[in-house]
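**Student:** Below is a structure I'd like to ask you about.
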Amino acid sequence: MWFPLFRNTDAMPPIDPDEEFDLIVVGSGNGACGFLGECLKHVPEDYRVLVLEEGDNFFFTSDVTHQNGWSKSYANGSAFTLHNAVTPSGKSVLSGRARTLGGGGSINYTMIHESSDWLVKQAGYDVDYWNECKKELNASLDRPDPLAAGYQTPFADFIAENAQQVGYAPPNKDDMIQNIPSLSESKSQSKRLYFFPTQFDRFGSRTNSGVSLVKWQKIKYRWDTKVVGLEMGKKSDSTGIACNGVQTINKQGVDVTYKVKKDTGRVLLCGGSQSPRILLNTKELAGNEKIGQRVNDHVCMPLAVYFVDKDKASVVGATDNYESLFADMVIDGKRDKGEAKTVVNIDFFSGDVLRLIYLISSLYLCYLPFNGFKRLMGRYPIIFKYLSNTIRMLLTAIISIIVVLGRFVPFLPRSIKVTTALIKFNASKEGYYERVGDKIILRFFEDDRDYDIAEEAINKNLAFLESNGVKPPFFIRYLFQFLTKIPYKRGRQVKRYVRNFAQKTLLSEQHLAGGCVLGDVVDKGLEDSAKTGQVFGTSNLHVADLSIVPLPRVSTQMTAYLMGHHVAKQLYSTKKNN
């Protein structure tokens with residue numbers, strides 16, 4: 001039954017130990033939702049699908065999917081957890097992943113595709129094919145036009161106007177497919193704005209995300225179920241190895257192995273950052289040295305916090321928390337060094353500081369001075385959860401006292417509304433998974449190119465960001481810079497911040513990609529569509545998530561949906577093989 005399945009932790013229908021499935025899906029994130037949304041359109045009613053999710057029952061974590069609560073996810077150990085991510089020299093990188101039904105699409109809500117030219121390069125086919133895939137997926141998400149008058153908040157429009165004053169091209173309808181933008185490959189414009197639609201209705205409910213793509217009543221679903229291994233064996237015709245089942249352990253510590261149908265069943269890995277680790281832990285597959293390689297995440301650098309000007313404060317509301325626009329700029333590489341162009345993204349956040357407190361108290365933990373302690377958070381994510389909540393409560397108390405005193409002391413504010421931004425970009429050198437254990441090596445700032453990109457992007461945008469607000473009073477600004485080194489002036493302050501960030505304060509955008517890359521670890525399916533996403537050396541084990549491509553240059557959510565949609569389309573709806 002559909003409703004009892006999600007409203008009661010104990011309502012999972014029993015599964016017969018001898019039951020075999022046509023398809024077992026490991027993970028229920030963006031890739032899984034994109035895959036299932038397409039797959040279930042083409043299979044018969046008696047096609048048996050099981051989805052396994054490590055996270056909690058979605059009913060009890062879904063409050064963070066509301067627009068008013070999305071930032072709470074970072075302090076919710078049931079919906080978000082940290083990787084054990086470090087640099088080659090052992091410096092901690094604050095990097096995490098979603099762990100809930102719908103994955104990152106149930107926490108964040110950015111909607112922008114990588115360019116179809118980039119997809120052709122990574123996955124094959126042609127631009128028309130990828131545009132058609134985007135059209136199909138975007139139509140299923142059914143989003144309104146973000147360029148329509150009145151869609152953006154007044155403050156988002158204000159930010160966009162300021163961006164255009166410093167040379168950012170306005171959003172372009174030609175970059176949109178079914179109302180969702182794709183990154184432009186235009187060589188004539190190096191600075192561009194993108195408006196994207198959110199997944200919310202007018203009341204802030206997340207009605208059109210990855211979760212909404214799937215007819216969940218047609219599948220069986222197990223939450224609080226961690227996959228610990230794959231049961232591999234010879235195919236009956238002795239032509240290769242097959243995955244016969246998925247080994248799990250549930251929250252109660254009970255081991256269960258779920259089986260797929262012999263010869264016809266498939267196992268699909270959609271665990272995102274966990275997919276490479278599952279393959280590495282499978283001894284029959286670990287001989288492929290390319291598993292766990294070409295891994296990367298976006299370097300994420302918070303920028304200065306400004307107070308919203310009094311004239312604008314009245315129009316800044318709850319829906320401004322994460323503005324639904326990006327500003328992207330392209331930074332040229334040095335030709336003599338063979339450096340490629342780099343896309344730098346700017347995200348914007350505005351609102352009452354108490355509404356942003358979850359985000360601030362979690363992401364700003366990267367500024368803790370003790371690297372060993374931050375590494376401990378990566379190994380034991382529960383420390384991150386409790387520490388971020390402790391800091392949140394402390395900051396809430398301090399801000400609340402200031403606001404109360406503001407009613408009686410003239411120079412103190414009665415409310416504090418702020419606007420800020422962050423930049424993100426691909427690290428120049430790709431990382432990898434350590435083959436034993438759980439460490440992920442991210443090579444942030446291992447190349448001087450990362451320093452150059454960060455400094456140029458910040459220096460060129462500081463004046464624009466300051467135009468969105470006003471600098472805080474000196475004593476607040478001094479304390480903020482003392483703790484974070486985040487600059488308010490170009491030049492020396494920027495250089496100091498970038499050096500400090502690279503040495504002590506590494507933060508990722510929680511967009512880990514790669515590790516099972518198409519052509520290296522899994523088949524592109526160009527010669528036989530029935531092998532799309534299939535792990536080399538196996539007959540029925542596939543991957544359909546963000547791990548099958550290198551890191552996109554923009555927010556990754558739509559690319560993850562698209563990879564799932566693409567693999568399902570090739571496996572289930574391509575006429576020549578089905």
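The values are calculated or read from the model by the stated rules, or taken from the named source; none is laboratory data. Model, not experiment: these values are computed from the prediction. Note: ideal-geometry Cβ built from the backbone for every residue, glycine included; neighbour counts use all protein chains shown. Accessible surface areas use protein heavy atoms only, side chains included; no ligands, DNA or RNA. Shrake-Rupley method; radii C 1.70, N 1.55, O 1.52, S 1.80 Å.
**Student:** Net charge within 11 Å of Tyr151 by Cβ-Cβ distance, Lys/Arg positive one each and Asp/Glu negative one each, not counting Tyr151 itself?
**Tutor:** 0
**Student:** Could I ask something else about it? Which of the aspartates and glutamates could be linked to Lys429 by a straight reach, that is with a Cα gap under 17 Å, when you skip same-chain ones fewer than 8 residues away?
**Tutor:** Of all the aspartates and glutamates, those that pass the test against Lys429 - Cα under 17 Å, at least 8 places apart if same chain - are Asp297, Asp332, Glu339, Glu446, Asp447, Asp448, Asp450, Asp452, Glu509.
**Student:** Around Glu114, what is the net charge, scoring Lys/Arg as +1 and Asp/Glu as -1 over all other residues with Cβ under 11 Å from its Cβ?
**Tutor:** Values: positive: Lys121, Lys134, Arg553; negative: Asp117, Glu185.
After counting each charged neighbour, the total is +1.
**Student:** Can you list, bin by bin at 10 Å, the percent of alpha carbon pairs in the stretch 131-186, starting at 0?
**Tutor:** All Cα pairs considered, the percentages come to 21, 45, 28, 5.
**Student:** Here's a follow-up. By the scheme Lys and Arg +1, Asp and Glu -1, what is the net charge of all other residues having a beta-carbon under 13 Å from that of Leu462?
**Tutor:** Numbers: positive: Lys460, Lys471, Lys489, Arg490, Arg492, Lys495; negative: Glu455, Glu456, Glu466.
Neighbour charge sum, excluding Leu462 itself: +3.
**Student:** While we're looking at this one, here's another question. What do you get when you divide the Cα radius of gyration of the stretch 46-164 by 2.2 N^0.38 Å, with N the number of residues?
**Tutor:** Rounded to two decimals, the normalised Rg is 1.39.
**Student:** Mind pulling the angle between the C-alpha long axis of helix 474-484 and the longest principal axis of the chain? Nearest 10 degrees, somewhere in 0 to 90.
**Tutor:** Long axis of 474-484 versus the principal axis of the chain: about 30 degrees.
**Student:** Here is a further query. So with the 1.4 Å probe, I'd like the accessible area per residue for the chain, rounded to whole Å². Could you put the intermediate results ahead of the total?
**Tutor:** Numbers: 24120 Å² over 578 residues.
Accessible area per residue, the chain: 42 Å².
**Student:** Right, another one. Pull up the cross-link candidates among the lysines for Lys485, meaning alpha carbon to alpha carbon under 21 Å and not fewer than 8 places away within one chain.
**Tutor:** Once the sequence-local lysines are set aside, what remains near Lys485 is Lys91, Lys374, Lys424, Lys460, Lys471, Lys495, Lys504.
**Student:** Taking a virtual spin label 7 Å from the Cα of Lys310 along the C-beta vector, which residues in the stretch 469-494 bring their backbone nitrogen under 14 Å of it?
**Tutor:** The answer is 470.
**Student:** Beyond 17 Å, what percent of the Cα pairs of the stretch 493-534 remain?
**Tutor:** 58 percent
**Student:** Could you rank the peptides 88-94, 338-344, 24-30 by their average count of other C-beta atoms within 10 Å per residue, with the highest value first? Numbers along the way, then the final one.
**Tutor:** Numbers: 88-94: 18.7, 338-344: 15.7, 24-30: 29.1.
Put in order of decreasing packing, that is 24-30, 88-94, 338-344.
**Student:** Quick one: pull the percent of accessible area on the stretch 523-578 belonging to carbon and sulfur, 1.4 Å probe, ligands and nucleic acids left out.
**Tutor:** On the way: 720 of 1570 Å².
Percent of accessible area from carbon and sulfur atoms in the stretch 523-578: 46.
**Student:** Give me the percent relative contact order of the chain, please, defined on Cα pairs under 8 angstrom at least 6 residues apart. Write down the numbers at each step before the final one.
**Tutor:** Details: 1231 pairs, mean separation 136.7, N = 578.
Once normalised by length, the contact order is 24 percent.
**Student:** Follow-up question, since we're still on this one. List the aspartates and glutamates whose Cα lies under 18 Å from the Cα of Lys134, skipping any in the same chain that are fewer than 8 positions away.
**Tutor:** Hits, sequence-local ones excluded: Glu38, Glu114, Asp117, Asp126, Asp142, Asp145, Asp174, Asp175, Glu185, Asp545.
**Student:** Taking the square root of 5 times each eigenvalue of the Cα gyration tensor, what semi-axes in Å does the equivalent ellipsoid of the chain have, largest first? List each step's numbers first, then the result.
**Tutor:** On the way: eigenvalues 308, 129, 114 Å².
One finds semi-axes of 39, 25, 24 Å for the chain.
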